[in-house]
Amino acid sequence: MRKEILGVTFDDLTLEEAVAAGEQLAAGETFSYVVTPNPEIVNLGRQSEDYRQVLNRAALVLPDGIGVVHAAKILGTPLQGRVPGIDFAAGLMARLAETGGRLFLLGAKPGVADQAARRLTDQYPGLCICGTHHGYFTDPAPVVQTIREAKADVVFVCLGAPKQELWMARWGPETGAHLMAGLGGVLDVFAGNVKRAPAAWQKLGLEWCYRLLHQPSRVGRMAKLPLFLVAAAREKGKKP
Ligand code: UDP
């Protein structure tokens with residue numbers, strides 16, 4: 001049962017439920033992918049029918065940003081809360097460390113995924129990171145081959161939107177992996193290069209504000225967020 005927010009259909013799950021669903025998909029035999037749309041991604045989906053379909057075909061569509069949660073409320077179809085991609089990734093890694101599932105890290109600038117892998121294996125004893133690749137490649141074929149040879153069960157695909165979602169949908173099935181998750185800038189955080197907002201800011205729904213203070217270059221991207229809520233209010237106005 002999904003809830004539609006400006007064209008994108010979200011799963012209304014808690015973090016724990018999302019991780020449990022991800023774990024099941026990772027253990028399955030077929031290929032699936034997870035997307036974690038924030039308002040920016042939903043906006044991109046409103047501009048491109050193809051991209052929106054790629055988002056809606058995901059096995060799990062998790063509300064990454066507080067803006068999505070606010071929009072859901074405005075539309076009268078409230079969600080239980082945010083499920084940040086980074087928390088989903090952390091929960092899944094804790095499970096993989098126990099079950100022995102193999103994780104591949106794809107994306108970010110050269111060296112970042114390796115550094116993230118080193119820190120994550122310290123943080124999650126038993127976690128098997130079976131390979132890494134940076135996200136600045138043009139030919140997908142060697143990357144697909146590398147993931148295939150690494151026998152990855154799960155791949156974190158961190159190429160930014162819309163590239164990561166389009167990449168997972170197009171190339172994912174050829175890698176032999178069972179589950180891919182599109183996770184934006186999480187490798188930069190796992191590598192220790194970008195700091196996440198303290199828990200108190202996260203609880204107040206102000207993670208976006210912390211990010212803006214630390215990466216002021218994002219102001220152009222974030223300026224569109226209020227318009228996202230206005231679009232939700234307009235959509236609600238159209239409903240009987
Ligand atoms: N990136 C990449 N390949 C590209 C473009 C971007 O690997 O061609 C990486 C970039 O280095 C960063 C991530 O994708 O690590 C996108 O981060 P961003 O902060 O834009 O994502 P968000 O967390 O906002 O979704």
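Read-outs throughout are calculated quantities, based only on the coordinates presented, and are distinct from any laboratory measurement. Computed from a prediction, not measured in an experiment: that's the story for all the values here. Cβ coordinates were reconstructed from backbone atoms using ideal geometry, including for glycine residues, and neighbour counts include every protein chain displayed.
Could you work out how far the C-alpha centroid of the stretch 46-71 sits from that of the stretch 157-207, in angstrom?
Computed from Cα coordinates, the inter-centre distance equals 14 Å.
Residue separation times 0.36 nm, minus the C-alpha to C-alpha distance between Ala94 and Thr121: what's the value?
Separation in residues times 0.36 nm, less the Cα-Cα distance, equals 8.7 nm.
Summing +1 for each Lys or Arg and -1 for each Asp or Glu, what net charge is found among the other residues whose Cβ lies under 12 Å from the Cβ of Lys3?
-1
Give the lysines reachable from Lys109 as a straight Cα distance under 17 Å; neighbours fewer than 8 places away on the same chain don't count.
Lys163, Lys195
To the nearest 0.05, what FRET efficiency results for Tyr136 and Arg218 with a Förster distance of 22 Å applied to their C-beta separation?
So the FRET efficiency works out to roughly 0.65.
Using a Förster distance of 22 angstrom, determine the FRET efficiency expected from the C-beta separation of Thr30 and Glu174, and round it to 0.05.
Taking R0 as 22 Å, the efficiency between Thr30 and Glu174 is 0.95.
Placing one identical point scatterer on every Cα of the stretch 3-121 and ignoring solvent, what is log10 I(q)/I(0) from the Debye formula at q = 0.20 Å⁻¹?
Here the Debye-derived log intensity ratios amount to -1.15.
Using DSSP to call loops (not H, G, I, E or B), can you name the trypsin sites (Lys or Arg not before Pro) in the stretch 81-182 whose Cβ has at most 16 other Cβ atoms within 10 angstrom?
Lys151
Can you tell me which lysines have their Cα less than 21 Å from the Cα of Lys239? Leave out same-chain residues fewer than eight positions away.
Straight-line reach from Lys239, under 21 Å: Lys3, Lys73.
Decide, for the stretch 43-201, between rounded, prolate and oblate: order the square roots of the alpha carbon gyration tensor eigenvalues as a ≥ b ≥ c, take rounded if a/c falls under 1.5, and otherwise choose prolate if a/b is larger than b/c, else oblate.
oblate
I need to check one value: relative contact order of the chain, counting alpha carbon pairs closer than 8 Å and at least 6 residues apart, in percent.
23
Taking the Cα of Gln202, stepping 7 Å toward and past its beta carbon, and measuring to each backbone N in the stretch 72-105: which are under 13 Å?
Once the point is set 7 Å along Cα→Cβ of Gln202, 82-92 turn out to lie under 13 Å by backbone N, inside the stretch 72-105.
Could you tell me which GluC sites (Glu not before Pro) in the stretch 8-104 are loop residues by DSSP with no more than 14 other beta carbons within 10 angstrom of their beta carbon?
Loop-located and lightly packed - Glu29.
In deg cm²/dmol and to the nearest 500, what is the mean residue ellipticity at 222 nm of the chain if only DSSP H runs of at least 4 residues count, each as -39500 (n - 2.57), divided by the residue total?
-15000 deg cm²/dmol
Calculate, in nm to one decimal, what Glu4 and Lys195 gain on full extension: separation in residues at 0.36 nm each, minus their alpha carbon distance.
65.6 nm
Fewest to most neighbouring Cβ within 10 Å: what's the order for Cys130, Cys209, Cys158?
Exposure proxy ranking, most exposed first: Cys209, Cys130, Cys158.
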